[in-house]
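The next block holds one structure in the form of structure tokens; read it before the comments.
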Amino acid sequence: MIAGSKLEKTINSGQFVVTGELGPPKGADLTQLKHHAEGMRNHVEAYNITDNQTAIVRTSSIACGATLVQMGLEPIIQIVVRDRNRICIQSDVLGAHALGVKNILCLAGDHQKFGNEPGSKGVFDIDSMQLLKGLKDLRDEKKFMGGEELNGELSYFLGAVENPFADPFEYRVDRLEKKIKAGASFIQTQCIFDLDRFERWMEMVCERGLHKKVAILGGVTPIKSLGAARYMKNNVSGITIPDELIERMTGAEKKKEEGLKIAIETIQRLKEIEGVAGVHIMAIAWEEVIPEIVERAGLYPRPKV
């Protein structure tokens with residue numbers, strides 16, 4: 001059995017967790033991915049490796065995760081149900097485990113019509129809830145989804161995603177509770193720009209005591225430009241950006257610096273919200289700023305566990 005994950009140990013220690021995101025390349029050269037990973041070595045507990053995000057073909061999350069393992073770093077590989085049936089999913093999980101991967105994030109995946117292969121057939125053999133339950137049973141009950149006994153033991157930490165900004169708002173906590181029951185031990189949220197709404201969601205989470213059953217990592221994305229802010233506000237489903245933030249970016253002389261300040265302020269506010277166990281920093285195509293954000297937010301040096 002592989003040793004428990006650093007992410008799990010940090011969460012169990014009660015320390016405020018920091019994870020970062022890495023997007024695999026649209027090719028087989030992992031030089032840049034390794035460069036960004038090395039730059040964050042002492043600033044994050046684990047690295048989220050996206051799985052063909054936005055339905056665009058990229059290097060396998062498992063291959064990238066195995067590369068990080070070889071570097072002495074800890075990946076969180078994503079597994080999406082869009083592209084795999086349950087046979088392939090379980091096979092991939094066994095392979096990832098054999099390569100030393102200790103964390104798995106379960107999600108549906110962006111619909112293939114939004115990517116660079118819109119004519120491809122979506123699989124969706126199971127949904128994200130069934131994926132969580134199936135992988136939990138594979139690990140804990142030593143049974144494959146079809147009921148056959150597993151040969152040997154598995155040890156991985158399971159997570160899922162949640163979007164407090166999707167509608168209908170009142171059902172978002174119900175969905176979170178279902179994911180916890182299915183097997184999620186940690187949750188990474190959608191990018192947080194509307195902190196007031198996120199706080200209302202966390203109040204509902206805490207009222208049900210769910211923050212004691214799962215570690216919630218708030219998603220933070222630094223905004224690189226006014227255009228990026230406007231694009232996300234108007235075109236990205238499931239993200240809400242308040243008008244005040246757009247106005248702040250509009251009036252800023254140095255847009256990138258203002259975007260960094262907003263991200264840092266968001267982290268500092270998240271640290272004060274009951275039930276928030278950490279942050280997940282998604283600096284899309286801007287990974288090199290993650291160490292700076294962590295340091296300026298007062299989250300460096302990272303704890304030893």
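The values are calculated or read from the model by the stated rules, or taken from the named source; none is laboratory data. Predicted model only: the values in this text are computed from it and were never measured. Here the Cβ positions follow ideal geometry from the backbone for every residue, glycine too, while neighbour counts run over all protein chains shown.
Being in contact (Cβ under 8 Å) with a residue 12 or more places away in the chain and over 27 Å from residue 294 (Cβ atoms) is true for just one of 169, 186. Which residue is that? Outline the logic, then answer.
On the way: 186 fails: over 27 Å from residue 294 (Cβ atoms).
Result: 169 is the single residue among 169, 186 that is in contact (Cβ under 8 Å) with a residue 12 or more places away in the chain and over 27 Å from residue 294 (Cβ atoms).
Within the stretch 229-241, if we keep just the residues that are touching a helix residue (DSSP H, G or I) at 6+ places or on another chain (Cβ under 8 Å) and over 21 Å from residue 105 (Cβ atoms), the residue that is surrounded by the most Cβ atoms within 10 Å (Cβ to Cβ) turns out to be 229.
Hey, can you tell me all the residues within the stretch 24-57 that are of a type in the set (Gly, Ala, Ser), under 20 Å from residue 106 (Cβ atoms) and either in contact with a strand residue (DSSP E or B) (Cβ under 8 Å, 6 or more places away or on another chain) or buried (at least 24 other Cβ atoms within 10 Å of the Cβ) (or both)? Correct list: 46 only.
Evaluated against (1) of a type outside the set (Gly, Ala, Ser); (2) in a strand (DSSP E or B); (3) surrounded by fewer than 22 Cβ atoms within 10 Å (Cβ to Cβ), residue 88 falls short on exactly one condition, (2).
The set of residues in the stretch 174-192 that are under 15 Å from residue 273 (Cβ atoms) and either over 18 Å from the mean Cα position of the chain (by Cα) or in a loop (DSSP other than H, G, I, E, B) (or both) contains only 192.
Has the stretch 193-202 got any residue that is in a loop (DSSP other than H, G, I, E, B) and touching a residue at least 40 places away in the same chain (Cβ under 8 Å)? Taking every residue of the stretch 193-202 in turn, at least one turns out to be in a loop (DSSP other than H, G, I, E, B) and touching a residue at least 40 places away in the same chain (Cβ under 8 Å). Can you confirm whether the stretch 38-47 contains a residue that is at pLDDT 95 or above, assigned to a helix (DSSP H, G or I) and of a type outside the set (Asp, Glu)? Yes - at least one qualifying residue is present in the stretch 38-47. Which residue pairs have Cβ atoms under 6 Å apart, sit 6 or more places apart or on different chains, and have a first residue in the stretch 59-81 that is of a type in the set (A, V, I, L, M) and a second that is in a loop (DSSP other than H, G, I, E, B)? Qualifying pairs under 6 Å: 66/99; 69/100; 77/101; 80/51; 80/109; 81/108; 81/124; 81/126.
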